[in-house]
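Engineer: Here you go, one structure.
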Amino acid sequence: MLIKDRVAVITGIGPGMGREIALAFAQNGARLAIGARNIEFVQKVAQECVAAGAEVVALRTDLADRASCEAIVTAAIDRFGGVDILVQNGHDTGDARLVGDADQARWRAAMECNLFGALSLFQACLPSMRERGDGRVILVNSGAANNRPPEYLASYAASKAALASLVRSIAIEHGKDGIRCNGVHLGPVDGENFRPWIAGLAEQKGISFEKCFNDYLEAEFPLRYVPTARECAGTVLYLASDLARVVTGQGISVNGGQWFAA
């Protein structure tokens, strides 16, 4: 077990990455505090983690609310005595407008969740990690932060670029505390969001789903393969483990080779 008896706070527990990260951590011996805005789904994932042998605390967590971020960390400390690992996976996609038509309120909301949520969580975890002399922080990011930002996702891309910068600052400023911080930059992840997008693209082009899917793989992915959420969660698990003891300040692209630089 790669992280046996480590205490992990994981946010953004949803049907894709969040769930798979939580299950991978549970199966590798971690004790968990998990949260997201949809408490019913969080509780469902908590039950799956318990079935895998983990001790779990489940809370409704709003990343845009500093008190809510602090509450999940406090719950982990109260239940398990401290925090070893922080995984921030939740996000706000922002406004779906071109920059010239941007809704600044939606930009601020994306920043509150994607950047300040991560900052609030880290600050809440910091005293415990300092006391232990060991902390592993993984901020789940996107290719939109470092690759070509998609049209209509400028607010999301900007907030994720800020998150990538936060990774480097935490690594530099808190390495002396035994804390390492890294980002996982995702591209398309095969699942319930990706395949409907391919279906819509196929309809626009007037071709079959299979042809559109294969054409996309051929054009975009050297591996000719779109990673699953579970496969992507493996990189998060690696960064949380002692296997990555000397890895910090990095943005690791987990994308089937769709781009190479983080």
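Engineer: Amide H neighbours of Arg31 under 5 Å, at least 5 residues apart or on other chains, H built in the peptide plane: list them.
Structural biologist: Correct list: Asp5, Arg6, Val7, Ala8.
Engineer: About the Cα centre, and with charges only on the beta carbon of Lys, Arg (+1) and Asp, Glu (-1), how big is the dipole of the stretch 1-97? Nearest 20 debye, please.
Structural biologist: About 120 debye.
Engineer: Considering Cα pairs under 8 angstrom that are at least six residues apart, work out the relative contact order of the chain and quote it in whole percent.
Structural biologist: 18
Engineer: Sorting check: for 94-100, 140-146, 24-30, which peptide has the highest mean count of neighbouring beta carbons within 10 Å, and how do the rest follow?
Structural biologist: 140-146, 24-30, 94-100
Engineer: Multiply the residue gap between Leu98 and Asp215 by 0.36 nm, knock off their C-alpha separation, and tell me the result in nm, one decimal place.
Structural biologist: 39.4 nm
Engineer: Starting from 0.36 nm per residue, how many nanometres of slack lie between Gln123 and Leu201 once their C-alpha separation is accounted for? Present the calculation step by step, with values, prior to reporting the outcome.
Structural biologist: Numbers: separation 78, 0.36 × 78 = 28.08 nm, distance 4.20 nm.
Stretched fully, the Gln123-Leu201 segment lengthens by 23.9 nm.
Engineer: Round to the nearest 10 and report in Å² the accessible area of Arg224, as given by a 1.4 Å probe over the protein chains' heavy atoms.
Structural biologist: Rounded to the nearest 10, the figure is 110 Å².
Engineer: Starting from the alpha-carbon convex hull of the chain, give the projected area averaged over all orientations, in nm².
Structural biologist: Computing the convex hull of the Cα atoms and averaging its projections yields 14.0 nm².
Engineer: Next question, about the same structure. Helix by helix, which DSSP H runs in the chain go 27 Å or more along their axis at the Cα atoms and have an average Kyte-Doolittle hydropathy of -0.5 or more?
Structural biologist: Numbers: long enough: 154-174 (30 Å, 0.66).
What comes out of the filter, once short or polar helices are dropped, is 154-174.
Engineer: So how compact is the stretch 1-78: Cα radius of gyration and Dmax in angstrom?
Structural biologist: When restricted to the Cα atoms of the stretch 1-78, Rg and Dmax are 11.3, 34 Å.
Engineer: Identify, among Ser155, Gly257, Leu243, the residue whose Cα sits farthest towards the positive end of the charge dipole of the stretch 141-262, taking +1 on the Cβ of Lys and Arg and -1 on the Cβ of Asp and Glu, with the dipole about the Cα centre.
Structural biologist: Positive-most Cα among the choices belongs to Leu243.
Engineer: Which order, highest average first, do 243-253, 42-52 follow once you tally other Cβ atoms within 10 Å for each residue and take the mean per peptide?
Structural biologist: 42-52, 243-253
Engineer: Evaluate the distance, in nm, between pseudo-label points positioned 7 Å from the Cα of Gln43 and of Arg148 along their respective Cα→Cβ axes.
Structural biologist: Rounded to a tenth, the inter-label distance reads 4.6 nm.
Engineer: Could you give the length gained by full extension between Ala52 and Glu173, i.e. 0.36 nm per residue of separation minus their alpha carbon distance, to one decimal place?
Structural biologist: Gain on stretching Ala52 to Glu173: 40.0 nm.
Engineer: In debye to the nearest 20, how big a dipole does the stretch 194-257 give about its Cα centre with +1 on each Lys and Arg Cβ and -1 on each Asp and Glu Cβ?
Structural biologist: 100
Engineer: Let me ask something else. If each of Ala105 and Ser165 carries a label point 7 Å out from its Cα toward its Cβ, how far apart are those two points in nm?
Structural biologist: My value for the distance between the label points is 2.6 nm.
The values are calculated or read from the model by the stated rules, or taken from the named source; none is laboratory data. Computed from a predicted structure; not experimentally measured. Quick reminder, even Gly has a Cβ in these numbers, built from the backbone with ideal geometry, and neighbours come from all protein chains shown. The accessibility values were calculated without ligands, DNA or RNA, using every heavy atom of the protein model including side chains. Shrake-Rupley method; radii C 1.70, N 1.55, O 1.52, S 1.80 Å.
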